[in-house]
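Written out below as structure tokens is the structure these notes cover.
The values are calculated or read from the model by the stated rules, or taken from the named source; none is laboratory data. This one's a predicted model, so the numbers in the text were calculated from it and none came from an experiment. Backbone-built Cβ (ideal geometry, glycine too); neighbour counts: all protein chains shown. Ligands, DNA and RNA are excluded from the accessible area calculation, which covers all protein heavy atoms including side chains. Shrake-Rupley method; radii C 1.70, N 1.55, O 1.52, S 1.80 Å.
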Amino acid sequence: MKSVETPEEEFSHWYDEELHQPIQPEEYREALINEMELQTGDTYEVDGEAHQVHTVDAFSGTLVVHDPTCNNPQDARAGTWEASILDLYADWRQGKAVPAKMKVVSDA
């Protein structure tokens, strides 16, 4: 996921000028994914919480994500959950979702 250069509060619906009709929902979501340069394995941070992308599904409009800082299966943060591509895009445009910067901490 690339960093946002100029956050904006709103984003407008895209329209196919050649066909004079709205872009199909999955194509629209695919365009949002491409604009963010979002890929499987990317890690982003929202409100201080890291989320790593497992899968991206433009057809359903969802991402499957998990917390990359959790490695204990009994931890409450363990597991995966779905997130909306449109919600992530809106947060990304507003500068709320940013690429996570991970660091390794050793107890040694």
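I need the calculated FRET efficiency for the pair residue 94 and residue 71, taking r as the beta carbon distance and R₀ as 25 Å, to the nearest 0.05.
Calculated transfer efficiency: 0.25.
Could you order 84, 60 so the one with the most accessible surface comes first? Probe is 1.4 Å.
Descending accessible area places them as 60, 84.
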